[in-house]
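Before any comments, here is the structure.
The values are calculated or read from the model by the stated rules, or taken from the named source; none is laboratory data. Note that the structure is predicted; figures quoted are calculated from it, not measured. Here the Cβ positions follow ideal geometry from the backbone for every residue, glycine too, while neighbour counts run over all protein chains shown. Please note that ligands, DNA and RNA were not included when accessible areas were found on the heavy atoms of the full protein model with its side chains. Shrake-Rupley method; radii C 1.70, N 1.55, O 1.52, S 1.80 Å.
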Amino acid sequence: MCLSRVSRVLCSFSVSMAAAGSGEVYPTLWGFSPALDLQMQCLQSTLPHLSTCDDIPELNVLLVGCGDGRHVLKTICQARRWPQRKLNFFIIEGDLELLARQMLFLTLALENPEQMGLQEKCEMFLELFGNSMIRSKTAAYLQDRCSLFIKFVTDPEYQQNVLPLLNMAFIKAALISALDYSRWREKGVAFMIREGIYDVPNKTLASHMTVTHRCGKVRARGYWGDITTSPYIAYGIETEEKSLLKTANGVYTKTAEDVSQYNITLMFHEFMTGQKCPLPTSDKNGSGEERVCNFPTNGSGGQSTFQEEGESKAQTNGDEDHKCGEAPNYLKIDNVVIHFLPLSWVNDLHRRSKFLNLFNIVYFSCSMVHHLTQDYKLITARKATLIVELTKFMVDLHVDKVKSYVTIVTKVAKEAGFAATENLDWKRDHVATFERVDDSEEDQKGL
């Protein structure tokens, strides 16, 4: 189906935002808006239309182009704040590398407390999330998990035994045999069409990007991610603990790094214990200095989960206790399944019967919203919630573009069959929420 004129404008707008005017589309290594608890964002009118399985309501969520998995993590970590529901996440990203990063963040969150303490987990998460340079200990962990992920991809049965909440079946081609796949992984040869020695590099498989160098335009490999909108947006600018947002003489007393650490710690603590983190406590001496968090550990009374380096066996001996090649003992989550979908399905989901009238929540990043068409109405349930990321925190955009983006997004959503639930304020809002309009309602409006 051809895009409408408005959608074509939005497509051009989205590409220009992602490319920052360079003509290249960069991967979304972190999002342009804070992490959302999607159950909190879900419209009340959506909830009566959830399907059920074994008497448990199912919330089916489609996420297009989020980049970093922040919404999935926050929704899972805060799931016990809401009535029991099964959460089915379906994720489409523009790059496979982004799926790998999301898998990394998910498995890090699921690390067993006996292998990794809460403080170490939070610090390692933030390093991997936003740093281009990391510690050697973090690099060693990353290398170990890369080997594990290769085994996940090549051995589905092993992956399901170790991490059953993750479903990668949709991104495999069903006709590929394990033998052929293993040969390609080991030798790089996918097609042995005739007898011979396969020993010359196939340079057509190399991937580069055009960059500006002092000698002119050159093709090079390198980091092509975002260097304008910082990774602090996802976890570092909003928090439930308002004391972290205090100012003194017009300056915030805490930094985005402090807020990010607090929010991640909050999420992971709630994830592991099912309880909200106790709020920070002021110094008894009246100094006014506040601790970042004051957690009790499970069943340990007032003992703080935050401990100095060397005090926690989980932190000091976790790496030594974990034998090389041994399957990690991840935390188990009930009623959560995460499905990775191929990018090629972004415009084809309505052609697959399993997705028709399925999704209760659909989320589009600002760099992928040009894919939103009337076809998406076919795969959403009645009164479904549509959430679209806005450009409030994209600092390299002129204010006129930020304003016009809100208008364009509203028109695109309306053309796709979704109506705004409230008036949007381009200065205030970082996401826009819409509700799926029933055909009968559209007919009445048309009359």
Take every Cα-Cα distance within segment 38-85, group them into 5 Å bins from 0 onward, and report for each bin the whole-number percent of pairs it holds. 4, 18, 27, 27, 16, 6, 1
Ranked order, D199, D37 - accessible area, probe 1.4 Å, largest first: D199, D37
Could you run the Debye sum over the Cα atoms of segment 338-378, one equal point scatterer each and no solvent, and tell me log10 of I(q)/I(0) at q = 0.22, 0.35 Å⁻¹, two decimals? -0.81, -1.48
What is the extension gain from D54 to C215, computed as 0.36 nm multiplied by their sequence separation minus the C-alpha to C-alpha distance, in nm to one decimal? 51.5 nm
With N residues in segment 385-434, what two-decimal value do you get for its Cα radius of gyration over 2.2 N^0.38 Å? 1.08
Any idea how far apart S136 and N347 come out in nm if each label point goes 7 Å out from Cα toward Cβ? 5.0
So how far apart, in nm, are the two label points at K246 and N357 if each is 7 Å from Cα heading toward Cβ? 5.5
Hull surface over four for the Cα convex hull of segment 322-394, reported in nm², is 8.7
With no solvent and one equal point scatterer per Cα, compute the Debye intensity ratio I(q)/I(0) for segment 96-138 at 0.16, 0.20, 0.28, 0.34 Å⁻¹ and report its log10, rounded to two decimals. -0.42, -0.64, -1.08, -1.23
Translational diffusion coefficient of segment 345-447 at 20 °C, 1.002 mPa s, Stokes-Einstein with Kirkwood Rh over Cα pairs, in µm²/s as a whole number. 150
How much length is gained if the chain between N329 and H398 is pulled fully straight, taking 0.36 nm per residue apart and subtracting their Cα-Cα distance, in nm to one decimal? 20.0 nm
